[in-house]
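Q: Below you will find the structure I want to go over with you.
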Amino acid sequence: MEPMRDCPLFGGAFSAIVPTGAIDVSDLRPVPDNQEVFCHPVTDQSLIVELLELQAHVQGEAAARYHFEDVGGVQGARAVHVESVQPLSLENLALRGCCQEAWVLSGKQQIAKENQQVAKDVTLHQALLRLPQYQTDLLLTFNQPPPDNRSSLGPENLSPPPWSLGDFEQLVTSLTLHDPNIFGSQ
């Protein structure tokens with residue numbers, strides 16, 4: 001298992017543990033201000049942390065499904081399929097003091113990459129952390145595209161292993177709020 005590192009997010013307002021070697025996508029291309037995006041150095045895997053407006057019109061499991069379908073719509077998914085939705089124990093979260101409810105969803109979306117016609121089934125794992133006192137839904141996403149032949153290039157012992165659900169769980173449970181001013185005046 002790859003070592004982890006504590007990483008400041010959103011200008012230090014948050015921090016979380018991300019896998020060592022994770023590439024900050026904002027170093028490569030523009031990323032919206034409400035997102036922190038990391039990609040694996042070899043695979044097409046990515047980890048995304050998003051600050052979203054609280055969707056108060058949906059509650060519980062329906063909120064997790066709402067955000068999954070919304071992401072599918074934004075990405076132009078040709079099909080979305082939810083495999084499971086589970087409540088996430090607040091006791092395990094660094095954000096337990098301000099998180100009112102949390103959900104983990106796993107599913108598949110059929111997505112074509114930019115400039116490609118063929119859509120591939122991408123497995124997504126999402127954690128939804130609801131912070132109603134800040135009018136915010138925190139959405140963490142782990143994208144796991146199907147393995148690509150490119151990932152086998154180079155000596156096996158030099159390539160970092162693909163990220164696991166354990167890496168995603170570490171990101172979710174370690175996410176810590178340091179500066180509530182990021183949410184503006186409440």
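Read-outs throughout are calculated quantities, based only on the coordinates presented, and are distinct from any laboratory measurement. Predicted, not measured: the structure shown is a model, and the values here were computed from it. Here Cβ is always computed from backbone atoms with ideal geometry, including for glycine, and neighbour counts include all displayed protein chains.
Q: I want to check the label-to-label distance for Ser159 and Lys113. Put each point 7 Å from Cα in the C-beta direction and report it in nm to one decimal.
A: 1.4
Q: So what's the angle, to the nearest 10 degrees on a 0 to 90 scale, between helix 61-74 and the longest Cα principal axis of the chain?
A: Approximately 50 degrees, to the nearest 10.
Q: Semi-axes of the equivalent ellipsoid of the chain: what are they in whole Å, largest first, if each equals the square root of 5 times a C-alpha gyration tensor eigenvalue?
A: Semi-axes, largest first: 26, 20, 15 Å.
Q: If you build a Gaussian network model of the chain, linking Cα atoms that sit under 10 Å apart, which residue out of Ser106, Ser84, Ser15 swings the most?
A: Judging by the Gaussian network model, the answer is Ser84.
Q: Return one number: the angle in degrees, 0 to 90 and rounded to the nearest 10, between the long axis of the Cα atoms of helix 165-174 and the longest principal axis of the Cα atoms of the chain.
A: Tilt of helix 165-174: around 30 degrees.
Q: Here's something else I'd like to know. Quickly estimate the mean residue ellipticity at 222 nm for the chain, helices only: each DSSP H run with n ≥ 4 gives -39500 (n - 2.57), and the total goes over all residues, rounded to 500.
A: -4000 deg cm²/dmol
Q: Can you give me the relative contact order of the range 29-146 as a percent, contacts being Cα pairs under 8 Å and 6 or more apart?
A: 28
Q: If you take every residue apart from Ala13 with its C-beta less than 11 Å away from the C-beta of Ala13, what net charge results, scoring Lys and Arg +1 and Asp and Glu -1? If you can, show how the numbers build up before the last one.
A: Values: positive: none; negative: Glu36, Asp179.
With Lys, Arg at +1 and Asp, Glu at -1, the net is -2.
Q: If you take the Cα atoms of the range 1-95, find Rg, then find the Kirkwood Rh from the mean of 1/r over all pairs, what is Rg/Rh?
A: Ratio of gyration radius to Kirkwood radius for the range 1-95: 0.97.
Q: Would you tally the net charge around His81, using a Cβ to Cβ cut-off of less than 14 Å, leaving His81 out, and scoring K and R as +1, D and E as -1?
A: That sum, taken over residues with Cβ under 14 Å, equals +1.
Q: Let me ask something else. Between Ile23 and Thr123, take the C-beta separation as r, use R0 = 22 Å, and let me know the FRET efficiency to the nearest 0.05.
A: 0.60
Q: Counting only trypsin sites (Lys or Arg not before Pro) that are in a DSSP loop and have at most 14 other C-beta atoms within 10 Å, tell me the longest site-free stretch of the chain. Could the numbers behind the result be given before it?
A: On the way: sites that count: Arg78, Arg96, Lys113.
The reported range is 1-77.
Q: Something else about it: Specify the residue with the greatest mean-square fluctuation among Asp33, Asp167, Asp24, computed from a Gaussian network of the chain linking alpha-carbon atoms under 10 Å apart.
A: Looking only at Asp33, Asp167, Asp24, the biggest GNM fluctuation is shown by Asp33.
Q: Grab the Cα-Cα distance for Gln55 and Arg96, subtract it from 0.36 nm times how many residues apart they are, and report the gain in nm with one decimal.
A: 12.8 nm
Q: Spin-label point model (7 Å from Cα, Cβ direction): what's the Arg5 to Glu169 distance in nm?
A: That separation, rounded to one decimal, is 2.4 nm.
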